[in-house]
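In what follows, a structure is listed as structure tokens, so that the remarks can point back to it.
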Amino acid sequence: MRIDSIAKLSQWRQECQAKLAAQKRKVLVCLGPGCLAGGSDEILEEFKRIVAEKKLADISVEAVKKTGCHGFCARGPLVVIEPEGIFYSKVKKANVAEIVETTLEKGKLVEKLLYTDPRTDKTYTDYKEIPFYARQERISLRNVGQIDPDEIGEYVARGGYAALAKVLTEMKPQDVIDAVSQSGLRGRGGGGFPTGRKWATCAREESDIRYVLCNGDEGDPGAFMDRCIMEGDPHSVLEGMIICAYAVGSREGYVYVREEYPLAVINMQKAIDAAHECGLLGANILASGFSYDIKISRGGGAFVCGESSALMRSVAGEVGEPRAKYIRSVVKGLHDKPTVLNNVETYATVPVIMEKGADWFRSIGTEKSTGTKAFSLAGKVRNTGLIEVPMGISLREIIFDIGGGIPDGREFKAVQTGGPSGGCLPADKLDLPVDFDTLTRAGSMMGSGGMIIMDDRTCAVDVARYFLNFLVEESCGKCVPCREGLYQLHKLCVKICEGKATENDLALMERLSKVIQTASLCGLGQSGPNPFVSTVQYFRDEYLAHIRDKKCPAGVCRELITYTINDKCTGCLACIKVCPVDAITGEKKKLHVIDQEACTRCGSCYAVCNFDAVDIV
Amino acid sequence: MKYQFEVIPSKCIGCRTCELACAFAHAQNQKPGKSRIYPLAYAPDKYVPVTCLQCDDAACVKSCMFNALRRNEETGAVELDKERCVKCGACVAACPFGCALIDDVHDEIVKCDLCGGSPACAAFCPTKALVYKRV
Amino acid sequence: MTRQDLTKLTAIFDHYPTDAGSLIGVLQDIQREFHYLPREAMTKTAETLGVPLSKVYSVATFYNAFSLTPRGDTIVRVCKGTACHIKGADLLLDQLESGLGIKPGETTEDMKYTLEVVNCVGACAMAPVMIVNNKYHGNVACNRALKLVKKD
Amino acid sequence: MVHITINGKVVKAAEGEMLLTVLKREGIDIPALCHHEAIEPTGNCRLCMVEISRAEWEGWKKHVTSCLYPVEDGLIVNTHTPEVIEIRKTIIDLQLANCPDSDVIQKMAEEYGIYKTSYETVPEGDNCIMCYACTRICEVLGKSAISAVMRGHKKVIAPPFGEEPPDCIGCLACAQICPTNVIPWTDTDSTRTIWKKTFDLITCTSCGKAVITKDFAEYLMAQRQIPKEYFETCDECKRMATARKMGEIVTKAQEAAL
């Protein structure tokens, strides 16, 4: 069906809404990355199978839907029953029959699958009341987890493409740019550059061709909000891009999606095809005379391609080496033409700003960091998952109120934000408001929104070593400070982890870091030393413990620890089975012993022991 | 082109003063360079000073893939831009008169540049077999 | 390269405009079809797209998505994202390395298993994560790692 | 025409000119290893970094590679601040660890007072500083026989599959432009070997001296329409032939005059 007028779009929306309203009962099965890892695809099939078999009165097979990430990954696989919003967590395939029988047929709850807050022992039926969800405000994630991403009709029913219709009929390109500028929207990809200013610069450039690109190369390990948006609500990204294209006068663009996200590629492509078919993308969009087309460019698995000039070279089919940006890519970008590049979350936010207005958006968040920001919570935190909160909220609220604090009775140690370009913030920074400028001042950065929470069993030096290793592998290798500098910085860090370093080495690392930061060609190198610099700033004592005392206080660095088995050992053989180097000997129901010569200190025995019988010294 | 370099073989006595003058005119760090001019005997006691003819449609210019050879409109010389030269030797191979040379001493390609407008060879030639004059 | 393989290649080329801009897309499709980049396919790509072979080779070795050697029937990928790292991805690797007798990037001699590490697959909430032939496994305890591989 | 201030002195420069060109013209010693006029600047070696600032933006300063920074009116450039020197020293120190046996790097290090690298020597170092001069010059020729392979610290310059590069014509431009002379090649009387590929050399029909590889000559014939016979003899024999030809003309002229 081709939608070639605003009236037709409204009519279509009403039809879509009516169709959804007719489905009295709905089962939403989360197929986000977390739930999928728990086997939610099989749960979905099981629901469809049983519902089809039983031929229930108020639920059809079509009303059993897959959705994108619902957010509360720690409790996955998740199933939500609408309209009540009944929230079932940690669902297994075996539970499906029971859910159908008890809830769908009899209208009762399956108590054991409901969420109980471990801190208050309160059990929740409606997910909206769970503290994890109650504190959130979802703008970019407005539809993620709520709709079937493959159904354009569901997006339209929830007001999708209304912003585009408004823009094309009521606004001039300059009005759009002005609205984005006034909203204070800043790039959600990491740098926090004002989006409106970027669009204005591109629109101002004299050129026959302009490109509007979307950066879906979410390379920061620990961040997955862009993946969830592309998989769970691809049309919101497309709508944002089309609005941007209209504002800057672009006729074509690309979505650059990383290869590691195959489902994102598939869902974005489906969305593009569907939008094409409806006349919402391609030639003469909504009969407005404006044309814009989007293609998908798959990334090849290189972190550096998140950098704008490298991404553009990659789109052009080349090696993703950044180029020095004394001429900005917004002026001379893809194929040397003016190019707007924003990330997924930024584009997904744009339609809402167009609909509700810049002032509304400004009213959320802080003065200089307006609106909301999506974060992914991972690591040593109870409620791992995907959240969206107003800017300015404190780290403590995110980690403890929404995230539920640190599990296993351990202590909070640090939170890593901003991925490999960011840094670690310690406990005394927990009350800092989360916004672009505050995090940067504190020595980290917002980045794309990955938050990795670390407990006292995480070694700060090991974390720095981990990131440096990552960056050495991901450096494109073009410029010397990054290629050679990060390589040497990593070597020195390994030396500390092995207890072979001196304080001179630490001083050398600090000097080298400064040069890498100022002399590297692109953002990867310039921010590369950050994980080291921030950990040494806040956890210097831990570095010194490795250097002076040859001790790893967190018990992580393999060269500085030993594992021994104490008399709590029940002789269960678990550690013997798991030891990859067969360094543990012992018989059933007898005390086991670790051969220190053979032991590689991997910690597998510690991880599998259920009796606290393995000590780390 | 305002100037012309003229060779008058009949006046050449093969004294090799031009060769010496050229080498010293192109000295670097007190080391004389390779001469760009050679008085060669074509018959007993008969000499021709062979040097670059600064051809109109020069093969050396055509052969250079890096735009390192360009004509100086003032002096008429085809000059080699050392900063752009990569010493691939295309010009040496392509010059039909053998007048682009490899200077082993300074590790560079050389050819006559008319000394930027006052050729040393002409100045020192005792018999005026080499003349650089305004046209 | 067999006639059948060449037909597959031609089908891939037909999908793309014949210019340098198609290079990465073409290579990705070849990788998907053959599970690695056969040398002849790269040479053919260079000829077809009119791109120097050195550039094809450069791109093929730059991006993680490409493998220049044949891979095993079962691809085991261990995520080494930050969350997975601090939740013990190294332990999974230790188990798989000793259990399969190969290092990351290698393939067992019987061509059954290839072990790879990936930089974050975006399933951080379920860390540590491993992927066996595109099937995601979350919260993998180290003593389960090998079982998940052999089961498939 | 723009005006910029270099180390306190106001200097004129043409619009669009790169800063390094201006600095060199002013006789200021700026080290640069990856820079060559025949290739586009890429800023790989980072040695030519200088500090820039502007009077109207108080407190703003930035370090840029002068080889690819276009001059702008009012730019204030400082080429030897302690920070700039620290950058250069660190880079040379890193390169010394990477290329311990390179004469060029050793000499440069000594100029900066570094006699031993502060870092661990890179074990698999091949003395290549990864400036891409070779691949860039090969690209200018339109050949791109070699390229940067792999990435990060594993990156090397190599022909495809590490074997004979099919597109190489044996011109030696890569070996000649290499600032650290690490691309090996050997000539025999009639062959040249580079990148493991052996080429036939055209030998002078009169004296037998090597002139140029057949592939390079064919490339020049096709690309630049140089006649085949120009490549048949060496420069020395061509000069002799020139002398004889001119001699003939002179003799004829003299005979005619008599």
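So residue A:221 clears everything in (1) crowded, with 24+ Cβ neighbours inside 10 Å; (2) modelled with pLDDT of 95 or more except one condition, right? Which one?
(2)
Given D:215, D:200, which one is surrounded by fewer than 16 Cβ atoms within 10 Å (Cβ to Cβ), over 23 Å from residue B:49 (Cα atoms), of a type outside the set (Lys, Arg) and within 27 Å of the chain's Cα centre (by Cα)?
D:200
Take segment D:79-98 and flag every residue that is surrounded by 15 or more Cβ atoms within 10 Å (Cβ to Cβ), farther than 30 Å from residue D:124 by Cα and within 14 Å of another protein chain (Cβ to nearest Cβ).
D:83
Checking residue A:198 against (1) of a type in the set (Lys, Arg); (2) in contact (Cβ under 8 Å) with a residue 12 or more places away in the chain; (3) surrounded by fewer than 24 Cβ atoms within 10 Å (Cβ to Cβ): exactly one of these is not met. Which one?
Residue A:198 satisfies all of (1) of a type in the set (Lys, Arg); (2) in contact (Cβ under 8 Å) with a residue 12 or more places away in the chain; (3) surrounded by fewer than 24 Cβ atoms within 10 Å (Cβ to Cβ) except (3).
Testing residue A:398 on (1) farther than 23 Å from residue A:344 by Cα; (2) without any contact (Cβ under 8 Å) to a residue 60 or more places away in the chain; (3) out of contact with any helix residue (DSSP H, G or I) (no Cβ under 9 Å at 6 or more places or on another chain), one condition comes back false. Which one is that?
Of everything listed in (1) farther than 23 Å from residue A:344 by Cα; (2) without any contact (Cβ under 8 Å) to a residue 60 or more places away in the chain; (3) out of contact with any helix residue (DSSP H, G or I) (no Cβ under 9 Å at 6 or more places or on another chain), residue A:398 misses just condition (1).
Tell me yes or no: at least one residue of segment B:49-66 is among the β-branched types (Val, Ile, Thr), farther than 22 Å from residue D:177 by Cα and modelled with pLDDT of 95 or more.
Yes, segment B:49-66 contains at least one residue that is among the β-branched types (Val, Ile, Thr), farther than 22 Å from residue D:177 by Cα and modelled with pLDDT of 95 or more.
Restricting attention to segment A:458-494, which residues are of a type in the set (D, E, K, R) and within 12 Å of chain D (Cβ to nearest Cβ)?
A:473, A:474, A:478, A:483, A:484, A:491
The conditions are (1) in contact (Cβ under 8 Å) with a residue 24 or more places away in the chain; (2) in a loop (DSSP other than H, G, I, E, B); (3) of a type in the set (Asp, Glu), and residue A:582 fails exactly one of them. Which is it?
The single condition residue A:582 does not satisfy is (1).
Within segment A:335-357, can one find any residue that is assigned to a loop (DSSP other than H, G, I, E, B), more than 15 Å from the chain's Cα centre (by Cα), away from chain C (no Cβ under 14 Å) and among the acidic types (Asp, Glu)?
Within segment A:335-357, not a single residue is assigned to a loop (DSSP other than H, G, I, E, B), more than 15 Å from the chain's Cα centre (by Cα), away from chain C (no Cβ under 14 Å) and among the acidic types (Asp, Glu).
Condition check ((1) in contact with a helix residue (DSSP H, G or I) (Cβ under 7 Å, 6 or more places away or on another chain); (2) within 17 Å of residue A:74 (Cα to Cα); (3) assigned by TED's automatic domain parsing to the domain that holds residue A:542) across all residues:
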site: A:378; (1), (2), (3): yes, yes, no
site: A:383; (1), (2), (3): yes, yes, no
site: A:386; (1), (2), (3): yes, yes, no
site: A:393; (1), (2), (3): no, no, no
site: A:402; (1), (2), (3): yes, yes, no
site: A:408; (1), (2), (3): no, yes, no
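Within segment A:507-532, how many residues are crowded, with 21+ Cβ neighbours inside 10 Å and either assigned to a helix (DSSP H, G or I) or among the hydroxyl-bearing types (Ser, Thr, Tyr) (or both)?
Residues flagged as crowded, with 21+ Cβ neighbours inside 10 Å and either assigned to a helix (DSSP H, G or I) or among the hydroxyl-bearing types (Ser, Thr, Tyr) (or both) within segment A:507-532 amount to 12.
Just checking, how many residues over segment D:134-161 are within 16 Å of the chain's Cα centre (by Cα) and away from chain A (no Cβ under 13 Å)?
Selection size over segment D:134-161: 6.
Being under 16 Å from residue B:41 (Cα atoms) and surrounded by fewer than 18 Cβ atoms within 10 Å (Cβ to Cβ) is the filter here, so list the residues in segment D:218-245 that pass it.
D:236, D:244, D:245
Please find, within segment C:34-53, the residue that is nearest to the chain's Cα centre (by Cα) out of those that are more than 12 Å from chain D (Cβ to nearest Cβ) and part of a helix (DSSP H, G or I).
It comes out as C:34.
Taking segment A:479-515 on its own, how many of its residues are closer than 22 Å to residue A:221 by Cβ and basic (Lys, Arg)?
2
Please find, within segment B:106-127, the residue that is nearest to the other protein chains (Cβ to nearest Cβ) out of those that are in contact with a Lys or Arg (Cβ under 6 Å, 6 or more places away or on another chain) and farther than 15 Å from residue B:64 by Cα.
B:112
Among the strands (runs of 3 or more DSSP E) contained in segment C:54-136, which hold 1 or more residues that are closer than 30 Å to residue A:419 by Cα and facing another protein chain (nearest Cβ under 7 Å)?
Result: C:113-118.
I need the full set of residues from segment B:85-105 which are at the interface with chain D (Cβ under 10 Å from one of its Cβ atoms) and over 29 Å from residue B:133 (Cα atoms), in order please.
B:85, B:86, B:87, B:88, B:89, B:90, B:93
Filter segment A:367-405 down to the residues that are within 29 Å of residue C:129 (Cα to Cα) and assigned to a loop (DSSP other than H, G, I, E, B), then identify the one that is nearest to the other protein chains (Cβ to nearest Cβ).
Taking the candidates together, the pick is A:384.
Quick check, is residue D:154 out of contact with any helix residue (DSSP H, G or I) (no Cβ under 6 Å at 6 or more places or on another chain) and at pLDDT below 95? Break it down into steps so the answer makes sense when it comes.
On the way: out of contact with any helix residue (DSSP H, G or I) (no Cβ under 6 Å at 6 or more places or on another chain): yes; at pLDDT below 95: yes.
In short, yes.
Could you list, in sequence order, the residues of segment D:1-43 that are touching a residue at least 12 places away in the same chain (Cβ under 8 Å) and among the β-branched types (Val, Ile, Thr)?
Across segment D:1-43, the qualifying residues are D:2, D:4, D:5, D:6, D:11, D:22, D:28, D:30, D:39, D:42.
For residues that are hydrophobic (A, V, I, L, M, F, W, C) and within 17 Å of the chain's Cα centre (by Cα), scanning just segment B:65-84, find the one that is farthest from the other protein chains (Cβ to nearest Cβ).
Let us first name the residues in segment B:65-84 that are hydrophobic (A, V, I, L, M, F, W, C), namely B:65-66, B:68-69, B:77-78, B:80.
Still in the running and within 17 Å of the chain's Cα centre (by Cα): B:68-69, B:77-78, B:80.
Values: B:68: 7, B:69: 12, B:77: 18, B:78: 15, B:80: 12 Å.
This residue is B:77.
Taking residue A:91 as the residue in question, decide whether it is over 21 Å from the mean Cα position of the chain (by Cα), in a loop (DSSP other than H, G, I, E, B), crowded, with 20+ Cβ neighbours inside 10 Å and not assigned by TED's automatic domain parsing to the domain that holds residue A:189.
Spelling it out, residue A:91 is indeed over 21 Å from the mean Cα position of the chain (by Cα), in a loop (DSSP other than H, G, I, E, B), crowded, with 20+ Cβ neighbours inside 10 Å and not assigned by TED's automatic domain parsing to the domain that holds residue A:189.
The values are calculated or read from the model by the stated rules, or taken from the named source; none is laboratory data. All of these numbers come straight from a predicted model, not from anything done at the bench. No Cβ is skipped: glycine too gets one built from the backbone with ideal geometry, and neighbour counts run over all protein chains shown.
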